[in-house]
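A short worksheet on the structure shown next.
Derivation of every value follows stated rules applied to the coordinates shown; laboratory data play no part. A quick note: this is a predicted structure, and the numbers were derived from the prediction, not measured. Glycine also receives a Cβ, built like all others from the backbone with ideal geometry; neighbour counts cover every protein chain displayed.
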Amino acid sequence: MKNNNPAIYDALIVPLNNKSFKSQPLTEFIADNFSPDDNLDKELIKSCLVHFGLIDFLIINEKSNEICVSKDNPPAHVLSFYKHEHISSSLIEGRLTAKKLKQRHVFKTLNEISSGDSRIIKNQAITDLCAAVEDNETSGFWLESIKYYGWHILYNEIKDEVTVMQLFEKAINVRSSRKSLELLTSFAVRGYDVDSSSAFVKYLFSERIINDLFEQRTSFKHGTLFALLKIYSNLSSFGRFGSEPKSYKVPMNNLILQFIDGNDSVSDANLLYLFSRNADDIPDLLLALNKSTLNKVQSLIKNIKSENTRVIYSQIAEAREANDDEFEGIRSDALKFISRM
């Protein structure tokens, strides 16, 4: 219901979560909670209310002879949701304020990205998504929504690669490095039911994305390369349950090779940071890189001489600029790590 009928989901939360709610005529309930723009069948709304026991046809308002929405007779398990905090929070965590819900806004935005009527609508929806992730008050819920069901919409319903390209571009350019990392990693697949012919998959496995990402390297933050490798590594499940196998290691290697061949301080600093990052899952991601790629990275890091690389490295790491000894220590750690890999 959250995913497919968020307007009804939002309305159902009102009587369930509001302790003061007792009873209301069905016609008033629909008028208060839905607009003509929702374009919902009233019988569907009524059926959902009946399913949760919020309509009892035996109870009719004596004065007006109307069917009422009431909390008098719902099954015990429906009302017991609110006796268990973890269940309650999962049901109502979509609240933006006491009255306005954001679950519906997330769903609408993702649908506009995937199937908006115009490029303007799609671009604005992508901008709205990034702004919501940037906002501390809303980011957690939006990111969780993408992880739970949003990735499925993005992978299976976007029809053109331009939209996917713009989605990546704006996610990389989110001002907060942490929020940018979280948004990008939320794009990773979390199931097997992915259409291998989708625009999202086609873009991920195209030469174009490697060039596009490289062109954006000056906007890369401390987690950007990591997030991109994470997206590819999650595609290792392709080939299961009938989906077409994809060699996810090829674009991973091509992306790193593009940065190796970049021959500029920005590319060098991004690679140095990736291989010197102290994160538990870095080794698992980098196992997808073949030996020749690792040898090239090793050679590049051994021969870093540009002072600019050190400056850019500190910007990516969001730390003060390392002195000579500290920078040599960083390079040494990266080289040791590559040797182990």
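Listed values, structure above:
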{"quantity": "Inter-site label distance for residue 117 and residue 206 at 7 Å from Cα along Cβ, in nm", "calculated": "2.6 nm"}
{"quantity": "Loop trypsin sites (Lys or Arg not before Pro), the stretch 2-51 (other Cβ atoms within 10 Å of the site Cβ: 14 or fewer; DSSP)", "calculated": "19, 22"}
{"quantity": "For the chain: relative contact order, % (alpha-carbon pairs under 8 angstrom, 6 or more apart)", "calculated": "11 percent"}
{"quantity": "Separation between Cα centres of the stretch 28-51 and the stretch 257-331, rounded to whole Å", "calculated": "56 Å"}
{"quantity": "Calculated FRET efficiency for the pair residue 314/residue 169, C-beta based, R₀ 30 Å, to 0.05", "calculated": "0.75"}
{"quantity": "Residues residue 50 and residue 178, FRET efficiency given R0 of 51 Å [Cβ-Cβ distance, rounded to 0.05]", "calculated": "0.70"}
{"quantity": "Cα convex hull volume per residue for the chain (Å³)", "calculated": "162 Å³"}
{"quantity": "Amide H contacts of residue 196 (H built 1.01 Å from N, under 5 Å, at least 5 apart or other chain)", "calculated": "244"}
{"quantity": "The chain: angle of helix 249-260 to the longest principal axis, Cα-based, in degrees nearest 10", "calculated": "50 degrees"}
{"quantity": "Choice from 283, 251, 75 with maximal GNM fluctuation in the chain (Cα, 10 Å cutoff)", "calculated": "75"}
{"quantity": "Over 29 Å (Cα to Cα) - which of 305/336; 249/336; 19/147; 179/296 fall in this group", "calculated": "19/147; 179/296"}
{"quantity": "Residue among 30, 55, 120 with the largest mean-square fluctuation in a Gaussian network model of the chain, springs linking Cα atoms under 10 Å", "calculated": "120"}
{"quantity": "Positive-end residue of 181, 232, 67, charge dipole of the chain with Cβ unit charges", "calculated": "232"}
{"quantity": "Inter-label distance, nm, simple model (7 Å from Cα along the C-beta direction), residue 323/residue 41", "calculated": "7.4 nm"}
{"quantity": "Nearby aspartates and glutamates by direct alpha-carbon distance to residue 202 (threshold 16 angstrom, same-chain neighbours under 8 apart not counted)", "calculated": "157, 160, 161, 193, 212, 244"}
{"quantity": "Tilt relative to the chain, helix 6-17 - C-alpha long axis, 0 to 90 degrees, to 10", "calculated": "60 degrees"}
